[in-house]
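The values are calculated or read from the model by the stated rules, or taken from the named source; none is laboratory data. What you see is a predicted model, and the numbers here were worked out from it, not measured in a lab. For neighbour counting, all protein chains shown are included, and Cβ atoms are generated from backbone atoms with ideal geometry for every residue, glycine included. Heavy atoms of the whole protein, side chains included, go into the accessibility calculation; ligands, DNA and RNA do not. Shrake-Rupley method; radii C 1.70, N 1.55, O 1.52, S 1.80 Å.
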Amino acid sequence: PHLAALVLARGGSKGIPLKNIKLLAGVPLIGWVLRAAIDAGVFHSIWVSTDHDEIEKVAKQFGAQVHRRSPEVSQDSSTSLEAIREFLNHHHEVDIVGNIQATSPCLHPSDLIKVADLIQKEGFDSVFSVVRRHQFRWSEVKKGDNKMTEPQNLNPAKRYRRQDWPGELYENGSFYFAKRHLIEKGYLQGGKMAYYEMRAEHSVDIDIDIDWPIAEQRVLSFGYFGKEPLKEVKLLVCSIEGCLTNGRIYVTEDHKEMVSYDYRDIVGIDLLKKRGIQVRLISERDCSKTLSAMQLGCVAKVSATNKLQVLKDWQEDMGLSWKEVAYLGNEESDVECLKQAGMSGVPADACAAAQKAAGYICKSRGGCGAVREFAEHIFLLLEKVNSARKQ
C-alpha cells in the first residue's frame with residue numbers, strides 16, 4: 001500500500017506570520033519534520049499541502065512534493081480532516097496518510113518507522129501520537145456556580161509521588177496515521193486503533209511552546225540533525241566577501257580599496273580559537289592587503305578559483321572527517337562546500353542557492369554579526385555532542 005507523508009502548512013497564522021517557515025535554530029520550522037520524514041525511508045511520497053508560494057518554495061527545497069490546497073480548505077475555520085480529504089481526492093494512488101504536524105520539530109525518524117510498522121505490518125487502521133504526563137486534574141467551577149471543585153484523577157488524602165504513578169496518556173498532535181477508507185468516512189482515528197507513545201523530550205509543539213527562544217533550546221537539545229551523529233567541529237572555513245564582510249568594496253580617489261567588518265565577528269573568531277577550533281578564510285578575490293590590515297591571524301586562501309578543492313585539501317591535510325568541518329558561505333560558488341561540510345551556514349542575505357544548501361540560516365546579514373552568530377550555533381551543537389557522549 002502507498003504510504004504518503006502529508007504536512008499541512010497553511011500560509012495564514014493568527015499567532016506568528018508564516019510560522020511554518022519561520023527559522024527555528026537556523027532551519028525553517030517545516031524543515032525539521034520534512035528531514036525526519038525523508039530520513040525515515042518508509043514513505044512512498046512526501047507532500048506539503050499549502051496555499052502559499054513561499055511555503056511551497058521551502059517545501060521543495062527540503063525535498064517534498066507540493067499539493068496546492070484550495071481556498072475552501074485554507075480558511076481559519078478549515079479543519080485538518082477537510083484538507084486531508086481534499087488531498088486524497090487528488091491523489092488516488094495513496095492508501096495510507098501519515099499526517100505530520102509542522103509544529104513538532106523534535107520528531108525523529110525512529111518514531112515514524114515504528115508507526116509505519118504498526119499500520120503496515122500489524123494491521124492497525126489508525127495510529128496517533130501521545131505523550132505521558134503526570135498532572136493532577138480538577139473539575140472546573142464556573143464563576144457564580146455555588147459548587148466546589150472535585151479531584152478528577154487523584155485522592156487528595158493520598159497524593160501520588162511522581163515515581164509511584166504511571167501518569168496518563170495525552171494526544172500531543174505530532175502525527176495521525178490513517179487508512180484511506182477511514183478518512184473518506186470522516187475519521188482520523190477509528191477502526192483498529194493504536195497509540196504511539198513519544199518520549200517527553202521529543203514532544204515539542206510550537207503551538208504550545210510559543211516562546212521561540214525556549215523552543216529553539218529544546219530543538220538544539222532534542223531535535224533530529226541527520227542520519228550521522230554529530231561530531232565535534234575542529235575547522236571552520238569562512239568565505240570573506242559576504243560573510244566576514246558585507247560584500248561591499250569602497251574605492252578611494254587614489255584607487256585604494258576599503259571594506260568594513262563587524263567587531264562582533266572578530267570576537268566570534270577569537271572564541272572559536274579559544275575552543276580549539278581552527279578558523280580559515282577563503283576568497284575568490286585577491287584581498288591579501290585587506291586581510292593583512294585586519295590582523296586576524298587566520299590561514300587564508302585568496303584568488304581561489306575552486307573553493308571545494310581548497311576545502312578538500314585543508315580537510316585532508318588536517319586529517320579530519322567531513323563531520324568535523326564547518327563552512328560559512330553566501331554565494332553560488334560556496335554551494336558545493338556547504339553541501340560537503342558536516343555543519344554549514346549562510347548569512348540572512350545569502351543567495352537562494354546557498355540558502356538551499358545550508359543547514360543553518362543566520363538571522364544576521366553578512367558583515368553584520370553572521371560569523372559570531374554561526375560560532376554560537378556551533379557552540380550549542382557542541383554541547384549536544386558532549387551531552388550525547390556523557391549519556
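The table below gives the values:
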{"item": "Computed FRET value (nearest 0.05) for ASP286 with LYS256, which takes r as the C-beta separation and R₀ as 22 Å", "result": "0.95"}
{"item": "Candidates LEU118, LEU29, LEU320, ranked by Gaussian network fluctuation over the chain, Cα under 10 Å, top entry", "result": "LEU320"}
{"item": "Most fluctuating residue given options SER139, SER288, SER104, as computed from a GNM of the chain linking Cα atoms under 10 Å", "result": "SER139"}
{"item": "Total charge dipole magnitude, segment 60-175, about the Cα centre, Cβ charges on Lys, Arg, Asp, Glu only, Debye to nearest 20", "result": "720"}
{"item": "Cα-centred dipole magnitude for the chain, charges only on beta-carbon of K, R (+1) and D, E (-1), debye, nearest 20", "result": "1160"}
{"item": "For VAL204, residues with placed amide H under 5 Å, excluding near neighbours", "result": "CYS106"}
{"item": "By accessible area with a 1.4 Å probe, ligands and nucleic acids excluded, highest first: order of MET193, MET198, MET148", "result": "MET148, MET193, MET198"}
{"item": "Nearest-10 value in Å² for the accessible area of THR252, using the 1.4 Å probe", "result": "40"}
{"item": "Highest-fluctuation residue, GLN189, GLN135, GLN152 considered, GNM on the chain with Cα pairs under 10 Å", "result": "GLN152"}
{"item": "Length added when fully stretched, VAL385-LYS57, from 0.36 nm per residue minus Cα-Cα", "result": "114.9 nm"}
{"item": "Label-reachable residues, segment 15-54, where backbone N falls under 18 Å from a point 7 Å from VAL66's Cα toward its Cβ", "result": "18-23, 28-35, 46-54"}
{"item": "Placed amide H near SER364: partners under 5 Å, 5+ positions off or other chain", "result": "ALA348"}
{"item": "In order through segment 141-151: 3J(HN,Hα) via Karplus (6.51 cos²θ - 1.76 cosθ + 1.60), integer Hz, x for Gly, Pro", "result": "10, 6, 4, x, 6, 8, 9, 10, 5, 10, x"}
{"item": "Fully extended contour minus Cα-Cα distance, from HIS92 to VAL141, at 0.36 nm per residue", "result": "12.8 nm"}
{"item": "Cα long-axis angle, helix 307-317 against the chain (0 to 90 degrees, to the nearest 10)", "result": "90"}
{"item": "Normalised contact order of the chain, rounded percent, pairs of Cα under 8 Å and 6 or more residues apart", "result": "15"}
{"item": "Separation of the LEU81 and GLN295 label points, Cα + 7 Å toward Cβ, nm", "result": "7.1"}
{"item": "Dipole of segment 256-306, positive end: most advanced residue of ILE277, SER292, ILE266 [Cβ charges, Cα centre]", "result": "ILE277"}
{"item": "All aspartates and glutamates inside 20 Å of LYS142 as judged from Cα atoms, apart from same-chain residues fewer than 8 positions distant", "result": "GLU150"}
{"item": "Unsatisfied cross-links (Cα-Cα over 20 Å) in the set LYS273/LYS301; LYS234/LYS289; LYS256/LYS363; LYS22/LYS57; LYS312/LYS339", "result": "LYS234/LYS289; LYS256/LYS363"}
{"item": "Degrees separating the helix 29-40 axis from the principal Cα axis of the chain, which is the longest one", "result": "80"}
{"item": "For segment 119-214, size of Cβ-based charge dipole, Lys and Arg +1, Asp and Glu -1, in debye", "result": "400"}
{"item": "Angle between the chain longest axis and helix 370-390 axis [Cα atoms, degrees, rounded to 10]", "result": "60"}
{"item": "Under 5 Å, built H, 5+ apart or other chain: amide partners of LEU24", "result": "LEU29"}
{"item": "Rounded, prolate or oblate (a/c below 1.5 giving rounded, otherwise prolate when a/b exceeds b/c) for segment 327-366 by Cα gyration tensor", "result": "oblate"}
{"item": "Solvent accessible area, Å² - TRP165, 1.4 Å probe, full protein context", "result": "30"}
{"item": "Among LEU112, ILE96, VAL325 - extreme Cα towards positive end, dipole of the chain, charges at beta-carbon", "result": "LEU112"}
{"item": "Heavy-atom accessible area order for GLU232, GLU257, largest first, 1.4 Å probe", "result": "GLU257, GLU232"}
{"item": "Segment 175-186 - phi-based ³J(HN,Hα) in whole Hz, Karplus 6.51/-1.76/1.60, Gly and Pro as x", "result": "7, 9, 9, 8, 7, 3, 4, 5, 4, 5, 7, x"}
{"item": "In Hz, Karplus ³J(HN,Hα) per residue of segment 262-277 (6.51, -1.76, 1.60; θ = phi - 60°; x = Gly, Pro)", "result": "9, 4, 4, 5, 5, 5, x, 5, 4, 5, 4, 4, 5, 8, x, 9"}
